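Q: Here it is, the structure in full.
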Amino acid sequence: MNGKSDLNELIDISRDIRILYAEDDIEVRDSVVKLLNIIFDVIFVANDGEEALTIFKNESIDLVITDINMPIMNGIEFIEHIKEIDHNIPTLIISAHGELDVMFKAIQAGIDGFIVKPIQTEQFLSSVKKVVEKTVLQKAHNKNLAILEQYQEITNKSSIISKTDPDGVITFVNDNFCEISGYTKEELIGQPHNIVRHPDNPKKLFKKLWNTIKTNKQPWQGIIKNLSKDGKSYYVKSIIKPLLDQDGNIIEYMALRNDISEIMSEKKQLFASLESSRTSLLALIQIENFDILDKFYDTQTVEKIETIFGNTLLSLLPKNKIFEKIYKLGDGSFALVEDYNKIIENQINIEEHLLELIKNAKDSTIKLKNIDYDVSISISYSYGEEHTYENAKYGIEKAMQNNQSLVFANNLIEEAHKNAQKNIETIHMVKKALDNFNIVSYFQPIIHNKTKEIIKYESLVRLINDKGEIISPYFFLETSKKGTYYTKITERVIESSFKVLDHIKHNVSINLSVLDIENITIRNKLIELVSNPAYKGRVTFELLEDEDIKDFETVKEFILLVKDIGDVQIAIDDFGSGYSNFERLLDYNPDILKIDGSLIRNIEHDLFSKNIVETIVTFAKKQNIETIAEFVENENIYNILNDIGIDYSQGYYFGRPEKLI
């Protein structure tokens, strides 16, 4: 010790150390205890070795200081006993003896230092400091060891653990490994790790794994599909680390895994299954009209319908079952997967197999407390090495659009890519046309059926491309809705439509979608324009109904407002098709019904179309609503419509769309 600072340092590091001091000489004991009290907070004192041993057994002791020559049990014997209890306990001997045999026995007992009598303060404190430093290190080691043991215990209980030698032969497994795999330790140890490997795992996965842990000597982590002894699949999230010696050589591999079979989403499980096999056949199943079920039932009922159907789906398959698992993907969508080679080997006609499933589903009924729900499904299936899921997904979308029950979807992704490319080209064309002010309005006349005079024009958007060709909205408007240009197109149409009113005496009819009205910028612009006295009573808004109305109250308020401030007429476009219905008329309060062109185009030869048109006209007259017929292509159609009592006509028979200014 070299002064006060060393003493303060010793006191500081000794704060939490509990010391046991054994000495039979009262005078020596008192003087040593005075010194110890300066340094330590907790001191246990014993008069002999036996008493000291009792204290050691009953108390938590960090450091032992003892005299050698004591009655009943001397210091050497005492140290030998406590070393049997705790081999690492730091010990310090105080002795007046200098005989070699005593020194030798003390060393054999594992003591950490000597203090010679008569005690000199400097020598005492120096010896104590050395053993205290060891004690502090030992306490820290014991603490870390205790924490490590608890970590090991937690890890062993929560994780699936194994170790292998450098060749991949199992040398250790914990109980969790045995439980999930179904094998005993005796069956696993000494076996290569591929004993639990599922054949669905792609070879490239393990090639990458071994390259990481063996060649690069780095940890690898990922999801692996395993196979238990009884043939059941399970998924584990794994981390495998090579353990190296001081020279960087691999001693063994240690792997920690967590079972994620339950928490892994079924969609991820599906992808993992598809990735593990190059010859998978995938069938995607969609409950038809599932997206509108919530309009008829509450959320809980919809979820029950989906759950019950998912649970019974496998039972609806034909007797020669080739699918073992159903993947529930949500939103009324499910998937079945099997190795296509297995289907070929069993000589199963997959199309007939799936058609029978469709029939069985249609014949089944989901029974809830107050509901009997008849299920109809559409199926898309594909197989192959690449794009299996993408093909099937595009196929199911196509099936729903075209009202098909079964679609073979191989190579459909190519069609999707072509459509995507076409959409990109269309968007590019629209952007260019907007930049060059080539989004314009053409105007088609609407005539009064009795006088054949033009009473207004309908504003129809057109795009003029680089070649000067006039492009119909059919080829770009819907695609524009998926991008950011639809609103800009609407603004151009509104601008040109109101501008033409300054140059003609007739009225103008402008098409608006619900999307337009829900857009606050468009809505405010229209309100501002119809408020101009110059346009009062000269504008008709033709509304095309849409099932995706998000804010119906806003639409109703807009209609009432423009009718009030601008004497605007409201027409329902394409009435008689799509989502149009008589009940909605009460909400829109229209002035005009524009009868859908598909009914007019066939009216000469289709009695059903004619009957529908007559019904619409009868209803409209009772409600004091005027009617317009679109697609009037010839005189015969015009005469039929005039006889039925339709008020106005629009079509090529009276005039094609053209520029007015």
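Q: Could you list all residues from the stretch 637-661 that are out of contact with any Asp or Glu (no Cβ under 9 Å at 6 or more places or on another chain) and on the phi > 0 side of the Ramachandran plot?
A: Selection gives GLY655 alone.
Q: Is it the case that GLU458 is buried (at least 20 other Cβ atoms within 10 Å of the Cβ) and within 30 Å of ASP643 (Cα to Cα)?
A: yes
Q: Does PHE408 count as among the aromatic types (Phe, Trp, Tyr), out of contact with any strand residue (DSSP E or B) (no Cβ under 6 Å at 6 or more places or on another chain) and either modelled with pLDDT of 85 or more or not assigned by TED's automatic domain parsing to the domain that holds ASP200 (or both)? If you could, list the steps in order and put the result at the bottom.
A: Details: among the aromatic types (Phe, Trp, Tyr): yes; out of contact with any strand residue (DSSP E or B) (no Cβ under 6 Å at 6 or more places or on another chain): yes; either modelled with pLDDT of 85 or more or not assigned by TED's automatic domain parsing to the domain that holds ASP200 (or both): yes.
When the stated conditions are applied, PHE408 passes them.
Q: Which numbered condition trips up PHE271, out of (1) buried (at least 17 other Cβ atoms within 10 Å of the Cβ); (2) in contact with a helix residue (DSSP H, G or I) (Cβ under 9 Å, 6 or more places away or on another chain); (3) under 27 Å from HIS353 (Cβ atoms)?
A: (1)
Q: Could you check, for the stretch 627-636, whether at least one of its residues is at negative phi, part of a helix (DSSP H, G or I) and either of a type in the set (Ser, Thr, Tyr) or out of contact with any His (no Cβ under 6 Å at 6 or more places or on another chain) (or both)?
A: The answer is yes, given that some residue of the stretch 627-636 is at negative phi, part of a helix (DSSP H, G or I) and either of a type in the set (Ser, Thr, Tyr) or out of contact with any His (no Cβ under 6 Å at 6 or more places or on another chain) (or both).
Q: Let me ask something else about it. Within the stretch 380-387, identify whether any single residue is touching a helix residue (DSSP H, G or I) at 6+ places or on another chain (Cβ under 9 Å), part of a loop (DSSP other than H, G, I, E, B), of a type in the set (S, T, N, Q) and at negative phi, and answer yes or no.
A: No - not one qualifying residue is present in the stretch 380-387.
Q: Determine the pairs where a residue that is over 26 Å from PHE296 (Cβ atoms) and not assigned by TED's automatic domain parsing to the domain that holds GLU288, located within the stretch 370-396, has a partner that is small (Gly, Ala, Ser) and surrounded by fewer than 24 Cβ atoms within 10 Å (Cβ to Cβ) with Cβ atoms under 6 Å apart, the partner being 6 or more residues away or on another chain.
A: If the second residue must be small (Gly, Ala, Ser) and surrounded by fewer than 24 Cβ atoms within 10 Å (Cβ to Cβ), no pairs are left.
Q: Those residues that are part of a helix (DSSP H, G or I) and over 15 Å from LYS594 (Cβ atoms), I need them from the stretch 606-626; list them, please.
A: Across the stretch 606-626, the qualifying residues are LEU607, PHE608, SER609, LYS610, ASN611, GLU614, THR615, THR618, LYS621, LYS622.
Q: Another one. Search the stretch 52-65 for residues that are touching a residue at least 24 places away in the same chain (Cβ under 8 Å) and farther than 13 Å from VAL132 by Cβ and pair each with any residue that is outside any strand (DSSP E or B) and aromatic (Phe, Trp, Tyr) when their beta-carbon atoms are under 7 Å apart and the residues are at least 6 apart or on different chains.
A: Taking only residues 6 or more apart or on different chains, the pairs are ALA52/PHE78; LEU53/PHE78.
To keep it simple, each residue is scored yes or no on (1) in contact with a helix residue (DSSP H, G or I) (Cβ under 6 Å, 6 or more places away or on another chain); (2) modelled with pLDDT of 75 or more; (3) in a helix (DSSP H, G or I).
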site	(1), (2), (3)
PHE78	yes, yes, yes
HIS87	no, yes, no
ILE94	no, yes, no
VAL102	no, no, yes
GLN108	no, no, yes
ASP112	yes, yes, no
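Q: Tell me which residues, restricted to the stretch 478-496, are over 18 Å from TYR442 (Cα atoms) and surrounded by fewer than 17 Cβ atoms within 10 Å (Cβ to Cβ). Spell out how you get there, then give the answer.
A: Kept after step one, since they are over 18 Å from TYR442 (Cα atoms), are these residues of the stretch 478-496: 478-485, 487.
Of everything in the stretch 478-496, those that are over 18 Å from TYR442 (Cα atoms) and surrounded by fewer than 17 Cβ atoms within 10 Å (Cβ to Cβ) turn out to be GLU478, LYS481, LYS482, GLY483, THR484, THR487.
Q: So, one more: Kindly indicate whether any position in the stretch 6-18 is surrounded by 12 or more Cβ atoms within 10 Å (Cβ to Cβ), assigned to a loop (DSSP other than H, G, I, E, B) and more than 60 Å from the chain's Cα centre (by Cα).
A: no
Q: Which of (1) at pLDDT below 85; (2) in contact with a strand residue (DSSP E or B) (Cβ under 9 Å, 6 or more places away or on another chain); (3) hydrophobic (A, V, I, L, M, F, W, C) is the odd one out, the single condition LEU313 does not satisfy?
A: (1)
Q: A follow-up question, please. In the set LYS422, LYS432, LYS452, LYS499, which member is surrounded by fewer than 20 Cβ atoms within 10 Å (Cβ to Cβ) and closer than 18 Å to LYS525 by Cα?
A: Sole residue among the options that is surrounded by fewer than 20 Cβ atoms within 10 Å (Cβ to Cβ) and closer than 18 Å to LYS525 by Cα: LYS499.
Q: Could you please let me know if ARG462 is under 25 Å from ASN419 (Cβ atoms) and modelled with pLDDT of 90 or more?
A: Answer is yes for this residue.
Q: Continuing with the same structure: Which members of the stretch 539-554 meet the condition of being modelled with pLDDT of 95 or more and out of contact with any Ser or Thr (no Cβ under 6 Å at 6 or more places or on another chain)?
A: Hits for the stretch 539-554 are VAL539, PHE541.
Q: Of all residues in the stretch 646-661, count the ones that are modelled with pLDDT of 95 or more and assigned to a strand (DSSP E or B).
A: Residues that pass the stated criteria total 2.
Q: Could I ask something else about it? Considering only the stretch 365-391, state which residues are of a type in the set (A, V, I, L, M) and at pLDDT 90 or above.
A: Across the stretch 365-391, the qualifying residues are ILE377, ILE379.
Q: Only one residue in ILE446, ILE464, ILE504, ILE470 is surrounded by fewer than 17 Cβ atoms within 10 Å (Cβ to Cβ) and in contact (Cβ under 8 Å) with a residue 60 or more places away in the chain, so which one is that? Steps first, please.
A: On the way: ILE446 fails: surrounded by fewer than 17 Cβ atoms within 10 Å (Cβ to Cβ); ILE464 fails: in contact (Cβ under 8 Å) with a residue 60 or more places away in the chain; ILE470 fails: in contact (Cβ under 8 Å) with a residue 60 or more places away in the chain.
One residue alone meets the criteria, ILE504.
Q: Does ASN226 qualify as being closer than 16 Å to ALA255 by Cα and in a helix (DSSP H, G or I)? Spell out how you get there, then give the answer.
A: Working: closer than 16 Å to ALA255 by Cα: yes; in a helix (DSSP H, G or I): no.
Judged against the criteria, ASN226 is not a match.
Q: Can you name every residue in the stretch 175-223 that is basic (Lys, Arg) and either at pLDDT below 90 or within 28 Å of the chain's Cα centre (by Cα) (or both)?
A: ARG197, LYS203, LYS204, LYS207, LYS208 - these are the residues of the stretch 175-223 that are basic (Lys, Arg) and either at pLDDT below 90 or within 28 Å of the chain's Cα centre (by Cα) (or both).
Q: Condition (residue is assigned to a loop (DSSP other than H, G, I, E, B), aliphatic (A, V, I, L, M) and assigned by TED's automatic domain parsing to the domain that holds ASP25) applied to the stretch 58-66: is it met by at least one residue? Spell out the reasoning first.
A: Going residue by residue through the stretch 58-66, those that are assigned to a loop (DSSP other than H, G, I, E, B) are 59-62.
Now narrow it down to the ones that are aliphatic (A, V, I, L, M): 61.
From what is left, the residues that are assigned by TED's automatic domain parsing to the domain that holds ASP25 are 61.
Checked the stretch 58-66: at least one residue is assigned to a loop (DSSP other than H, G, I, E, B), aliphatic (A, V, I, L, M) and assigned by TED's automatic domain parsing to the domain that holds ASP25.
Q: From the list LYS204, LYS229, LYS208, which one is without any contact (Cβ under 8 Å) to a residue 60 or more places away in the chain and touching a strand residue (DSSP E or B) at 6+ places or on another chain (Cβ under 8 Å)?
A: Every option except LYS208 fails the conditions.
Q: Shifting gears a bit: Just give me the residues in the stretch 56-66 being buried (at least 17 other Cβ atoms within 10 Å of the Cβ) and not hydroxyl-bearing (Ser, Thr, Tyr), in sequence order.
A: PHE56, ILE61, ASP62, LEU63, VAL64, ILE65
Q: Filter the stretch 507-543 for residues that are β-branched (Val, Ile, Thr) and under 45 Å from the mean Cα position of the chain (by Cα); which is surrounded by the fewest Cβ atoms within 10 Å (Cβ to Cβ)? Break it down stepwise before answering.
A: Keep residues of the stretch 507-543 that are β-branched (Val, Ile, Thr), which gives 508, 510, 514, 517, 520-522, 527, 530, 539-540.
Still in the list and also under 45 Å from the mean Cα position of the chain (by Cα): 510, 514, 517, 520-522, 527.
Numbers: ILE510: 24, VAL514: 19, ILE517: 22, ILE520: 9, THR521: 11, ILE522: 18, ILE527: 15.
Within the stretch 507-543, the match that is surrounded by the fewest Cβ atoms within 10 Å (Cβ to Cβ) is ILE520.
The values are calculated or read from the model by the stated rules, or taken from the named source; none is laboratory data. Since the model is a prediction, treat every value here as computed from it, not as a measurement. Backbone-built Cβ (ideal geometry, glycine too); neighbour counts: all protein chains shown.
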